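Undergrad: To start, I am sharing the structure in question, which I have written as structure tokens.
The values are calculated or read from the model by the stated rules, or taken from the named source; none is laboratory data. Predicted, not measured: the structure shown is a model, and the values here were computed from it. Because the Cβ atoms are built from the backbone with ideal geometry, glycine has one as well, and the counts that use them run over all protein chains shown. We work out accessible area using only protein heavy atoms, side chains counted, and drop any ligands, DNA or RNA first. Shrake-Rupley method; radii C 1.70, N 1.55, O 1.52, S 1.80 Å.
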Amino acid sequence: MLRQVLHRGLRTCFSRLGHFIASHPVFFASAPVLISILLGASFSRYQVEESVEHLLAPQHSLAKIERNLVNSLFPVNRSKHRLYSDLQTPGRYGRVIVTSYQKANMLDQHHTDLILKLHTAVTKIQVPRPGFNYTFAHICVLNNDKTCIVDDIVHVLEELKNARATNRTNFAITYPITHLKDGRAVYNGHQLGGVTVHSKDRVKSAEAIQLTYYLQSINSLNDMVAERWESSFCDTVKLFQKSNSKVKIYPYTSSSLREDFQKTSRVSERYLVTSLILVVTMAILCCSMQDCVRSKPWLGLLGLVTISLATLTAAGIINLTGGKYNSTFLGVPFVMLGHGLYGTFEMLSSWRKTREDQHVKERTAEVYADSMLSFSLTTAMYLVTFGIGASPFTNIEAARIFCCNSCIAILFNYLYVLSFYGSSLVFTGYIENNYQHSIFCRKVPKPEVLQEKPAWYRFLLTARFSEDTAEGEEANTYESHLLVCFLKRYYCDWITNTYVKPFVVLFYLIYISFALMGYLQVSEGSDLSNIVATATQTIEYTTAHQKYFNNYSPVIGFYIYESIEYWNSSVQEDVLEYTKGFVRISWFESYLNYLRKLNVSTDLPKKNFTDMLRNSFLKAPQFSHFQEDIIFSKKYNDEVDVVASRMFLVAKTMETNREELYDLLETLRRLSVTSKVKFIVFNPSFVYMDRYASSLGAPLHNSCISALFLLFFSAFLVADSLINVWITLTVVSVEFGVIGFMTLWKVELDCISVLCLIYGINYTIDNCAPLLSTFVLGKDFTRTKWVKNALEVHGVAILQSYLCYIVGLFPLAAVPSNLTCTLFRCLFLIAFVTFFHCFAILPVILTFLPPSKKKRKEKKNPENREEIECVEMLDIDSTRVVDQITTV
């Protein structure tokens with residue numbers, strides 16, 4: 001009883017609101033426009049988010065804490081001899097992969113000379129600045145002798161060239177560790193790709209070679225010069241590619257990911273314009289009909305204007321509050337399109353149900369009372385679900401900003417639908433009541449006047465006048481609308497046909513089966529190439545890198561951050577046991593082997609060991625650079641202690657995905673907790689991968705919980721709590737299907753797809769809630785009758801919004817970007833699966849599942865009885881005939 005009273009009270013409030021807006025249409029039409037112009041004007045000076053890590057890496061990440069600890073122990077400049085400065089931070093750098101179209105050996109004389117020629121061209125790049133030209137030598141990472149450090153593979157190629165020049169045949173390159181002429185053992189697993197080896201790891205051929213050039217960025221000027229050098233680096237490599245067409249070169253810099261991420265917005269512009277034109281055209285067609293008075297093409301256009309004003313207002317607010325634009329915002333207009341269009345079409349559908357002999361204010365009041373309650377509840381659902389996503393509980397900044405922007409846009413869309421679109425409905429209502437043309441606003445002449453006009457004139461000004469409409473036919477004045485006619489005369493009877501229902505149920509079982517198959521194969525996607533434009537350096541470089549350099553994992557830093565008994569042989573064995581199964585690029589193992597060759601025991605007293613350790617660096621030059629992997633601490637009695645050390649590991653792997661690396665990270669993390677030695681592991685990619693799955697699922701998990709809570713709470717607001725039960729089951733069915741089918745469509749669970757799934761919850765409620773509400777609240781007639789009635793009342797609005805939404809999505813599929821490809825596939829599946837439930841699954845299932853309906857019983861009482869009037873008539877043959885005239 002309380003629910004019914006509250007329901008009627010809310011309808012009354014919305015009715016009065018509609019009457020008030022209809023009384024002041026000019027104010028409510030102009031105020032949203034002025035607000036949008038004032039707030040949206042600031043968006044002309046929007047800022048772009050430069051940091052991809054800030055957007056896509058989990059904010060509260062253990063890897064970031066580990067990176068800070070590593071930086072405090074081993075600053076970047078202490079890593080320069082190893083060229084592993086990117087272990088702490090990628091910094092500024094330029095990389096290039098050189099390969100051949102014909103899978104040639106890149107270590108032969110021709111290609112070796114070509115690669116060294118490319119190396120020389122890169123080192124001669126100049127960055128002009130006022131008064132000085134910077135070259136690679138001015139901004140490179142410097143050695144102790146103040147010379148630039150380059151990849152060890154360059155030294156290998158130079159030694160190979162010299163060996164050929166002097167006809168030396170004893171020079172051999174081993175893989176993945178080789179030795180230079182100065183005795184140093186260097187790792188080349190990430191510099192040689194597509195390697196074929198002889199016995200004892202001797203390299204026979206290599207299909208690809210990678211060179212890396214690290215740059216300094218110690219201050220703002222240095223960073224600016226390094227950034228311009230990276231741009232010149234790409235231009236130089238491209239020019240070199242043009243002059244050497246037989247090789248394929250893939251350049252990549254530290255700025256490539258950011259630039260290619262932002263490129264999605266630029267390449268999407270013309271496709272978004274095409275999408276807007278298609279949506280405008282479809283919206284106008286959906287609101288048009290042959291009757292030129294009752295047709296509402298302007299309302300289709302003004303509905304899109306309402307959505308645009310709300311989106312512009314939200315963008316202005318985000319910009320004024322310090323927010324920055326990023327390419328994930330491309331999904332916000334489509335979130336607005338799905339919600340806003342259905343709300344406007346539902347109001348238009350309610351307008352068609354009002355009586356034409358009423359005043360415009362009364363008709364508007366009925367529209368608000370009929371449609372605004374459900375629209376308010378679905379808007380509240382949007383605000384709650386996206387609001388949870390915008391909260392600090394969301395660990396990925398891109399998802400949080402997207403949800404925040406969507407919340408603001410949806411709130412203003414709701415206000416603008418109430419005010420701007422409601423006022424537009426009032427204006428078109430006055431045009432209709434005055435029998436003016438819906439487009440040209442010209443008075444439509446009477447039928448007798450039209451008969452004297454040409455055929456084309458009669459076609460453009462066809463309308464039905466009230467005096468031409470027989471009593472009882474007023475409700476059918478809008479049946480000339482194509483979609484109304486299609487649903488009422490054909491589709492409703494067909495979908496509820498007894499012979500159609502089994503096929504629909506069978507089709508639903510097939511749908512569930514394929515969805516389950518895809519659901520069991522869901523995988524999290526943390527590959528950053530999934531968010532950039534397709535024809536870019538990032539995609540080309542990543543593809544080449546996965547093809548040629550997938551034998552070994554990225555270099556992982558193994559850091560011991562406590563003072564342990566390094567001189568104890570058992571401790572040494574423990575450390576080596578922890579790194580068992582890895583290729584160790586470490587000072588520890590190499591140095592111990594060196595000591596063993598000298599027949600020196602490693603089980604020494606602490607002081608003797610540290611003294612020998614420091615002295616051996618001077619006696620063995622090949623180990624001198626290992627000093628940078630050890631931190632000494634001098635105590636009060638001149639005793640030296642090793643307080644921290646590190647080694648570098650790579651894992652043998654043939655996998656091209658990131659799941660194995662994530663599993664490796666988790667394994668090492670668990671080992672660090674239970675081991676006797678305190679250590680951490682780190683690689684820059686860990687910042688993006690660390691807790692990615694839990695961080696990614698948090699917004700969706702929280703949104704689902706908030707949606708269920710709101711559905712439970714709204715059970716006290718709606719007239720029947722069974723409505724919420726059906727809505728919950730429908731949402732579960734739709735989301736389950738979307739997750740399953742997007743997996744089969746090769747869409748991973750990443751930031752974009754999770755945001756789409758949050759939107760899918762609301763989109764399903766948007767379309768299914770009014771349909772289910774009308775069915776559940778229906779009394780007296782059979783289930784089939786109320787299914788037909790629900791489709792007739794709300795089906796047109798659902799179909800109109802679906803058609804506009806789909807034609808708006810199609811241009812998105814053609815955008816050359818992985819981000820928009822994921823966006824299109826997810827949104828298309830959400831729209832299609834929801835449409836499938838609204839027009840096939842629910843109409844069939846509701847005909848034989850609760851709630852039950854009672855057939856109307858005829859009541860015989862004085863107010864409702866049959867009166868039979870008998871009239872006696874005589875024919876020519878004097879035969880009596882009784883004609884019964886029945887009046888109810």
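Undergrad: Looking only at the stretch 397-411, count every residue that is under 14 Å from Met336 (Cβ atoms), in contact with a Pro (Cβ under 9 Å, 6 or more places away or on another chain) and not hydrophobic (A, V, I, L, M, F, W, C) and tell me the total.
TA: Total meeting the criteria: 0.
Undergrad: In the stretch 72-91, which residues are open to solvent by 50 Å² or more (accessible area, probe 1.4 Å), at pLDDT below 80 and in a helix (DSSP H, G or I)?
TA: Val76, Asn77, Arg78
Undergrad: Moving to a separate point now. Sort out which residues of the stretch 9-59 are part of a loop (DSSP other than H, G, I, E, B), in contact with a Phe, Trp or Tyr (Cβ under 6 Å, 6 or more places away or on another chain) and farther than 23 Å from Leu320 by Cα, and write them in order of number. Walk me through how you get there before you give the answer.
TA: Step one: list which residues in the stretch 9-59 are part of a loop (DSSP other than H, G, I, E, B), which gives 24, 46-47, 49-51, 57, 59.
Going one step further and asking which of them are in contact with a Phe, Trp or Tyr (Cβ under 6 Å, 6 or more places away or on another chain), we end up with 46, 57.
Residue satisfying the conditions is Ala57 alone.
Undergrad: Select, from Tyr508, Tyr490, Tyr519, the only residue that is open to solvent by 60 Å² or more (accessible area, probe 1.4 Å), of a type outside the set (Val, Ile, Thr) and within 30 Å of Thr784 (Cβ to Cβ).
TA: Going through Tyr508, Tyr490, Tyr519 in turn, the sole match is Tyr490.
Undergrad: Does Val237 satisfy the criteria of being more than 30 Å from Tyr93 (Cα to Cα) and surrounded by 20 or more Cβ atoms within 10 Å (Cβ to Cβ)? Working first, answer last.
TA: Numbers: more than 30 Å from Tyr93 (Cα to Cα): no; surrounded by 20 or more Cβ atoms within 10 Å (Cβ to Cβ): yes.
Taking the combined requirement at face value, the residue does not satisfy it.
Undergrad: Going residue by residue through the stretch 172-179, is there one that turns out to be open to solvent by 40 Å² or more (accessible area, probe 1.4 Å), at negative phi and modelled with pLDDT under 90?
TA: Narrowing the stretch 172-179 to residues open to solvent by 40 Å² or more (accessible area, probe 1.4 Å): 177, 179.
Still in the list and also at negative phi: 177, 179.
Remaining after also requiring modelled with pLDDT under 90: 177, 179.
Yes, the conditions are met somewhere in the stretch 172-179.
Undergrad: Working carefully through the options Leu257, Leu299, Leu272, find the one that is buried (at least 21 other Cβ atoms within 10 Å of the Cβ), out of contact with any Asp or Glu (no Cβ under 6 Å at 6 or more places or on another chain), over 30 Å from Asn551 (Cα atoms) and aliphatic (A, V, I, L, M).
TA: Numbers: Leu257 fails: over 30 Å from Asn551 (Cα atoms); Leu272 fails: buried (at least 21 other Cβ atoms within 10 Å of the Cβ).
Of the residues listed, the single one that is buried (at least 21 other Cβ atoms within 10 Å of the Cβ), out of contact with any Asp or Glu (no Cβ under 6 Å at 6 or more places or on another chain), over 30 Å from Asn551 (Cα atoms) and aliphatic (A, V, I, L, M) is Leu299.
Undergrad: Read through the list (1) under 28 Å from Thr99 (Cβ atoms); (2) surrounded by fewer than 12 Cβ atoms within 10 Å (Cβ to Cβ), then give the number of the only condition that Phe132 fails.
TA: All conditions pass for Phe132, except number (1).
Undergrad: Just to be sure before I move on: is Val305 crowded, with 22+ Cβ neighbours inside 10 Å, at pLDDT 90 or above and either touching an Asp or Glu at 6+ places or on another chain (Cβ under 7 Å) or among the β-branched types (Val, Ile, Thr) (or both) in the structure I sent?
TA: Working: crowded, with 22+ Cβ neighbours inside 10 Å: no; at pLDDT 90 or above: yes; either touching an Asp or Glu at 6+ places or on another chain (Cβ under 7 Å) or among the β-branched types (Val, Ile, Thr) (or both): yes.
No: the conditions fail for Val305.
Undergrad: With the condition kept exactly as written, say whether any residue in the stretch 339-350 is touching a residue at least 40 places away in the same chain (Cβ under 8 Å) and open to solvent by 20 Å² or more (accessible area, probe 1.4 Å). Step through it out loud before you land on a result.
TA: Taking the stretch 339-350 and keeping what is touching a residue at least 40 places away in the same chain (Cβ under 8 Å), we get 339-349.
Okay, now just the ones that are also open to solvent by 20 Å² or more (accessible area, probe 1.4 Å), so none.
Scanning the stretch 339-350 turns up no residue that is touching a residue at least 40 places away in the same chain (Cβ under 8 Å) and open to solvent by 20 Å² or more (accessible area, probe 1.4 Å).
Undergrad: Taking Pro445, is it over 50 Å from the mean Cα position of the chain (by Cα) and at pLDDT 75 or above? Give the steps one after another, and end with the answer.
TA: Values: over 50 Å from the mean Cα position of the chain (by Cα): yes; at pLDDT 75 or above: yes.
Considered against the rule, which asks whether it is over 50 Å from the mean Cα position of the chain (by Cα) and at pLDDT 75 or above, Pro445 comes out as yes.
Undergrad: Tell me whether the stretch 214-223 contains one or more residues that are farther than 26 Å from Gln537 by Cα, modelled with pLDDT under 90 and more than 42 Å from the chain's Cα centre (by Cα).
TA: no
Undergrad: Next up: Please tell me if Lys200 is open to solvent by 20 Å² or more (accessible area, probe 1.4 Å), part of a loop (DSSP other than H, G, I, E, B) and either among the small types (Gly, Ala, Ser) or at pLDDT below 90 (or both). Outline the logic, then answer.
TA: Working: open to solvent by 20 Å² or more (accessible area, probe 1.4 Å): yes; part of a loop (DSSP other than H, G, I, E, B): no; either among the small types (Gly, Ala, Ser) or at pLDDT below 90 (or both): yes.
It is false that Lys200 is open to solvent by 20 Å² or more (accessible area, probe 1.4 Å), part of a loop (DSSP other than H, G, I, E, B) and either among the small types (Gly, Ala, Ser) or at pLDDT below 90 (or both).
Undergrad: Do any helices (runs of 4 or more DSSP H) entirely within the stretch 744-853 hold 3 or more residues that are open to solvent by less than 10 Å² (accessible area, probe 1.4 Å) and among the β-branched types (Val, Ile, Thr), and if so, which?
TA: Numbers: elements: 751-777, 783-809, 818-836, 842-845.
Because the criterion is at least 3 residues that are open to solvent by less than 10 Å² (accessible area, probe 1.4 Å) and among the β-branched types (Val, Ile, Thr), the helices (runs of 4 or more DSSP H) in the stretch 744-853 that meet it are 751-777, 783-809, 818-836.
Undergrad: Continuing with this model, one more query. Can you confirm whether Leu69 is in contact (Cβ under 8 Å) with a residue 24 or more places away in the chain, open to solvent by less than 40 Å² (accessible area, probe 1.4 Å) and under 33 Å from the mean Cα position of the chain (by Cα)?
TA: no
Undergrad: Among (1) at pLDDT 85 or above; (2) within 26 Å of Ala314 (Cα to Cα); (3) among the aromatic types (Phe, Trp, Tyr), there is one condition Phe393 misses while meeting the rest; what is its number?
TA: (1)
Undergrad: Let me ask something additional. Taking interchain pairs and intrachain pairs at least six residues apart, which have beta carbon atoms under 7 angstrom, with the first residue in the stretch 24-39 and of a type outside the set (A, V, I, L, M) and the second open to solvent by 50 Å² or more (accessible area, probe 1.4 Å)?
TA: Note: pairs meeting the criteria are Pro25/Phe427; Ser36/Leu312.
Undergrad: Further question on the same structure: Out of (1) without any contact (Cβ under 8 Å) to a residue 40 or more places away in the chain; (2) part of a helix (DSSP H, G or I), the odd one out for Gly322 is which?
TA: Every listed condition holds for Gly322 apart from (2).
Undergrad: With the structure loaded, tell me whether Ser199 is farther than 20 Å from Val98 by Cβ and within 50 Å of the chain's Cα centre (by Cα) or whether it fails that test.
TA: Values: farther than 20 Å from Val98 by Cβ: yes; within 50 Å of the chain's Cα centre (by Cα): yes.
Here the answer is yes, as Ser199 does meet what is asked.
A quick yes/no check of all residues on (1) open to solvent by 30 Å² or more (accessible area, probe 1.4 Å); (2) more than 30 Å from Ile761 (Cα to Cα):
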site: Ala390; (1), (2): no, no
site: Asn434; (1), (2): yes, yes
site: Lys453; (1), (2): yes, yes
site: Leu461; (1), (2): no, yes
